[in-house]
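S.K.: This is the structure, below, for whatever I ask next.
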Amino acid sequence: MFAKRLLQKADHHPQRGDLKSEDLDLRVAIHYGIPSTSSVLAFDPIQRLLAIGTLDGRIKVIGGDGIEGLLISPKQLPYKYLEFIQNQGFLIGISNDNDIQVWNLEDRCLACCLPWESNITAFCLIGGSHFMYIGNEYGLLSVVKFDGEDGKLSHLPYNISANSLSEASELSVPDDQPIVGILPQPHSSGDRVLIAYGNGLIILWDVSKSQSPFIGGGKDLQLKDAVDSDVQDDTSEHHLQEKEISAICWASSDGSILAVGYIDGDILFWNTSVASSKGERNGQNKNVVKLQLSSAERRLPVIVLQWSSNNSSRNDYDNLLFIYGGDEIGSEEVLTVLSLEWSSGMDNVRCVGRVDLTLTGSFADMILLPTPGPTGGNYKADLFVLTNPGQLHLYDGTNLSTLLSKKERKQFARPVEFPMVIRTADPPKTVGKFSVLPTGGNSSKSLSELASIMKPGLTPNTTASTKWPLTGGVPTQLSVSKDNSIDRLYIAGYRDGSVRIWDASYPILTLLFVLEGEVQGTDVAGSDAPVTTLDFCWQTLNLAVGNECGVVRVYNLGNSNTTSFHYVTETKCEVQSCARGKGPECKAVFSLLKSPVQALQFGNCGAKLAVGFGFGRVAMLDVSLPASLFVTDCVSSSSSPIISLSWLEFKNAHSHVKSTEQSETEIAVKPEEEIIFILTKDAKIFSIDGANGEMIQPHPWNLKKEETALSMYIIGNSFPVLNREKHLEESSKDITVKGEAELDASSTETEHPSSSETASTLDRSLDMLFLLCCQNSLRLFSMKSLIQGKDKTIHKVNHTKPCCWTTTFMKDGRVCGLLLLFQTGDLEIRSLPDLELVKESSIKSILRWNYKANMDKLMTSDDAQLTLTSGCEVAFISLLAGSNDFRIPEALPCLHDRVLAAAADAAINFSSNQKKKQVMASGILGGMVKGFKGGKVNTSATPESDFSLLESKFLKTPFIDAMQKVNKQEDIELDIDDIDIDETLPVTSSSSHEAVKSKGGKETDREKLLGAQDDSTPRVRTAQEIIAKYRKTGDASSAASHARDKLAERGEKLQRISRRTEELQSGAENFASLADELVKAMENRKWWQV
């Protein structure tokens, strides 16, 4: 008898779990969406990639066609600067602790990191090179180079301090002023760089010449042509005191106009093409124009300035200026776009248009996406605006120009929202489910066939009028192959009642279906209510959707031939026709109770569906008919909502379950027994007969102490009963997707099992364990004690903090672990069935997320894969160390397109060669014309800079060339300290003399005797040359020691000169006497004796 064996069965204790810490590796496999802590933007115009830096040490890289990547820094610190090394596959990020990081986009890893000793206050890459300028809080400008081959950052010797600039520029630069902005001048190949200091001083520095062609700011200025954004000309003079710079940008394509924003809200335009003299810097500069967005006395600082040439004009002096800040304090937060016109030299400046763009959320950053025009100018610039929390909007450049032409200040510009792969807002996402299908099964093939009919990569939130500008990245061939089957699904429900389904087999998720909340062809009340729960049966490909109004919709994802659906209520069942579509259609709608659906659970291999409602009632639905089998009365006297349902199925010919309250009463168990366990929020467990809804126990099983329940799990020897169908071979099933009629219970079994088989099935069922997860504790029971109504705990664990969500996961085909999420964001992994703690972690350490309310409602898991949603972000986390279900890295998309990079480099080289040929041809032709006119022919063409000359400058200490020039000039001046007395004078050979004579022509007798006349005239040395020659490093004692050594050395030289003079004088006397004797001897000889 079943009852006797149930009572006689001995209690057992759980075995020790085999899950170990080394078996676990919690890592992010897939990440979609923009982080809520996003703060800074960077763009690669060639690769068409966008990078977003965050306040928590993450970098989000976005390309095209759903390609996204997440880079996580070892330190949870904000990024203050972010920039691509264009077309090279590297990304530079500078964190708040002044670490210069280089990320390899192809490998998605940190290539190298260079800690900087001082606080970095300005940063800029030299376009087209691996050099970068670094400015710090002490006014020091440094140069750093990244070597792509070695993967190393190196600090080059080129450093310019404020003192050096003061001496070279003949003006005073305070040491305590930080560098607040660095801008390489356009078309200078990094040779000219603009340096802005905190006190308002602006210096344009020429690296090759070591001089300053332009200096501005830092003094009182007398301005002209001051204008405001309301197109009101004001030609009166303005005197501005020294003030702090907050933003800078070039306002012309050739770098002749500079726009500077200040903390008081002013914007000044500087004409850098006009060299400023000392008098101009002291108050006579007429090449500065002032602009104000508001006439209010108190204005916001100008935070961001960006410039683009106007796409409606080819004039370089027609501009669009994008400004954040500068408006009156307390005004609405907007992004201002100005259309400016000015003549060459800024003689006449006019603001001809203004548009204020209202922002969604608080401003974080903006960046222009230039589109090259036919002559290389930026005639169309799209605008990306980043706002908090994690919102990215695109403003089309053409639309902005159209709005500016309407001459209306306040206009509404509808931006294009970021096309999220997994939409989490508008409408808000309310529930999610991740489901794994057996690889290569019939269900996977049927789903793949239906999905092939739909448009791949469907993104319903994109618009046809505006093309999304991000197209970077390369998907792998494995993920885009048409022969791949679908073995993973991600399903999300939304507040408008709609459901979206993605293929999650590969790291690039593909949207398969969009199921609208309203059923076409009928008016079902409440069908578009927010989705509250989902369940999916992989055997039948049936999807059940429950909402807040108690409506349950059932779809079949493997069949698109449905032309009718069943509408089932408490009193009637109607068959209604519906329009045939391309995707899956609704096969049944159940509207039984006006109560939110809290739990859905398929059973009997997908033939039945148990529905738990909010006020404690349960309905059993036959999905194959479809029909409603029964609806129970309220199982809980307190009407506590049902939060979980679990099926226990076993086969038994003639057995009974004995009640503990009525020891002599036996309840018959049918040949196919289905027991449904119902868990309510107040931690009460009810068991009912799945065939008729009758209570197995007249009273619920409950804890002695009040608890808030979260979930329950039935754990077998190898897997939970809840998911046991997944481990059966689909070929052995009598249920198929195509034959819906075969789902009837009468057709699933042809004969009853023998008594021995029945006993074995019952024994296995009673050997299972029941795990109850509550907010403050975990309790493990035997299935026998639960059915008998005994509150006898095998094992219990009390939490030190409240738990909010749990799930079990499998390893090698058996349930091995339990994952718990706490309201603090901490994670615990415990082994099963002993509930021993194996690993601790947190969502903050993995994803840098903070726990948010109702985050648990959007969490789902299957096959050791955890899916979480927070704000606009969706992440898939793999739990096991050895698992690679998403086929990483072979299926991971590449963030750097090598083919595109090679093509771009070839195009740039070809363009450079063409320019060289044009310059050479024009040079030769011009030289011929000059030759005909008697001019000098010059056939040399200007070479395109390859940064080799610039690198040679960076490898030296600044001003070293000037010092060498001064040393050469002083050698010519024959300073006595530099004469080497002992050096032998070189003797000029006759051959060299003849060569000089042949080159220079005939020499006069005077030139033969006295040498050629030196036509060089004395020149006055510059202060820079004098300083470079005579300035010594070190303190006063070292300088005195050096002077003493030089004095002693000079004395030794004078002594050697004196001795040498005496020797020469003695030799001269001997030579004179010898000459006299020779003359006398020759006088006595005849001519024939000679």
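S.K.: If you scan segment 506-519, which residues turn out to be in contact with a helix residue (DSSP H, G or I) (Cβ under 9 Å, 6 or more places away or on another chain) and either free of Cβ contacts under 8 Å to residues at least 40 places away in the same chain or assigned to a strand (DSSP E or B) (or both)?
M.R.: Thr510, Leu512, Phe513
S.K.: Quick one: Glu840 ticks every box in (1) in contact with a strand residue (DSSP E or B) (Cβ under 7 Å, 6 or more places away or on another chain); (2) surrounded by fewer than 15 Cβ atoms within 10 Å (Cβ to Cβ); (3) modelled with pLDDT under 95 except a single one, so which number is it?
M.R.: Here Glu840 meets the rest and fails (3).
S.K.: Separate question: Name the residue that is farthest from Val180 (Cα to Cα), counting only residues in segment 250-272 that are open to solvent by 10 Å² or more (accessible area, probe 1.4 Å), without any contact (Cβ under 8 Å) to a residue 60 or more places away in the chain and not β-branched (Val, Ile, Thr).
M.R.: Ser256
S.K.: Would you say Leu832 is open to solvent by less than 50 Å² (accessible area, probe 1.4 Å) and in contact with a Gly (Cβ under 7 Å, 6 or more places away or on another chain)?
M.R.: yes
S.K.: Tally up the residues in segment 100-122 that are of a type in the set (A, V, I, L, M), open to solvent by less than 30 Å² (accessible area, probe 1.4 Å) and assigned to a strand (DSSP E or B), please.
M.R.: Selection size over segment 100-122: 4.
S.K.: Identify, please: which residue in segment 836-856 is charged (D, E, K, R) and part of a helix (DSSP H, G or I) and is, among those, nearest to Thr424 (Cα to Cα)?
M.R.: Here the answer is Asp856.
S.K.: So, one more: Being under 22 Å from Pro389 (Cα atoms) and either open to solvent by 20 Å² or more (accessible area, probe 1.4 Å) or in contact with a His (Cβ under 9 Å, 6 or more places away or on another chain) (or both) narrows it down to one of Gln88, Gln76, so name that one.
M.R.: After ruling out the rest, the residue left standing is Gln76.
S.K.: Consider Thr808 against the criteria (1) surrounded by fewer than 21 Cβ atoms within 10 Å (Cβ to Cβ); (2) under 26 Å from Ile491 (Cβ atoms): it satisfies all of them except one. Which criterion is unmet?
M.R.: For Thr808, the failing item is (1).
S.K.: Count, please, the residues in segment 684-710 that happen to be at pLDDT 90 or above and either surrounded by fewer than 18 Cβ atoms within 10 Å (Cβ to Cβ) or on the phi > 0 side of the Ramachandran plot (or both).
M.R.: Final tally of qualifying residues: 1.
S.K.: Applying the selection to segment 127-170, what residues are among the aliphatic types (A, V, I, L, M) and either in contact with a helix residue (DSSP H, G or I) (Cβ under 8 Å, 6 or more places away or on another chain) or part of a loop (DSSP other than H, G, I, E, B) (or both)?
M.R.: Residues satisfying the conditions are Leu140, Val143, Leu156, Ala168.
S.K.: So, one more: Checking Ala525 against (1) under 30 Å from Asp487 (Cβ atoms); (2) open to solvent by 30 Å² or more (accessible area, probe 1.4 Å); (3) of a type in the set (A, V, I, L, M), which test does it fail?
M.R.: (1)
S.K.: Could you grab me the full set of residues in segment 53-73 that are open to solvent by 50 Å² or more (accessible area, probe 1.4 Å) and over 12 Å from the mean Cα position of the chain (by Cα)?
M.R.: Asp65
S.K.: Confirm whether Leu194 is at pLDDT 90 or above and touching a Lys or Arg at 6+ places or on another chain (Cβ under 9 Å).
M.R.: no
S.K.: Find the residue count for segment 502-539, including only residues that are within 15 Å of Glu585 (Cβ to Cβ) and of a type outside the set (A, V, I, L, M, F, W, C).
M.R.: Looking only at that region, the number is 7.
S.K.: What is the number of the single condition among (1) modelled with pLDDT of 75 or more; (2) open to solvent by 10 Å² or more (accessible area, probe 1.4 Å); (3) under 19 Å from Cys549 (Cα atoms) that Ile642 does not meet?
M.R.: Tallying (1) modelled with pLDDT of 75 or more; (2) open to solvent by 10 Å² or more (accessible area, probe 1.4 Å); (3) under 19 Å from Cys549 (Cα atoms), Ile642 fails exactly one: (2).
S.K.: Would a scan of segment 814-821 turn up a residue that is under 23 Å from Ser21 (Cα atoms), open to solvent by 20 Å² or more (accessible area, probe 1.4 Å) and either at pLDDT below 95 or not in a loop (DSSP other than H, G, I, E, B) (or both)?
M.R.: So far as segment 814-821 goes, yes, one or more of its residues are under 23 Å from Ser21 (Cα atoms), open to solvent by 20 Å² or more (accessible area, probe 1.4 Å) and either at pLDDT below 95 or not in a loop (DSSP other than H, G, I, E, B) (or both).
S.K.: Please identify the pairs in which a residue from segment 126-139 that is free of Cβ contacts under 8 Å to residues at least 12 places away in the same chain has its Cβ atom under 6 Å from the Cβ atom of a residue that is open to solvent by 10 Å² or more (accessible area, probe 1.4 Å), counting only partners at least 6 apart or on another chain.
M.R.: Within 6 Å, no pair qualifies.
S.K.: Within segment 15-28, which residues are assigned to a strand (DSSP E or B) and either open to solvent by less than 20 Å² (accessible area, probe 1.4 Å) or assigned by the TED database to the domain that holds Gly93 (or both)?
M.R.: Across segment 15-28, the qualifying residue is only Leu24.
S.K.: Go through (1) under 23 Å from Gly217 (Cβ atoms); (2) modelled with pLDDT under 85 and name the single condition Phe123 misses.
M.R.: (2) is the only condition that Phe123 fails.
S.K.: When segment 483-504 is examined, which residues are found to be in contact (Cβ under 8 Å) with a residue 60 or more places away in the chain, open to solvent by less than 10 Å² (accessible area, probe 1.4 Å) and in a loop (DSSP other than H, G, I, E, B)?
M.R.: Those that are in contact (Cβ under 8 Å) with a residue 60 or more places away in the chain, open to solvent by less than 10 Å² (accessible area, probe 1.4 Å) and in a loop (DSSP other than H, G, I, E, B): Ser498, Ala504.
The values are calculated or read from the model by the stated rules, or taken from the named source; none is laboratory data. Owing to the predicted nature of the structure, the values given are computational and were not obtained by experimental measurement. Glycine gets a Cβ as well: all are built from the backbone with ideal geometry, and neighbour counts include every protein chain shown. Calculation scope for accessible area: heavy atoms of the full protein, side chains included, ligands and nucleic acids excluded. Shrake-Rupley method; radii C 1.70, N 1.55, O 1.52, S 1.80 Å.
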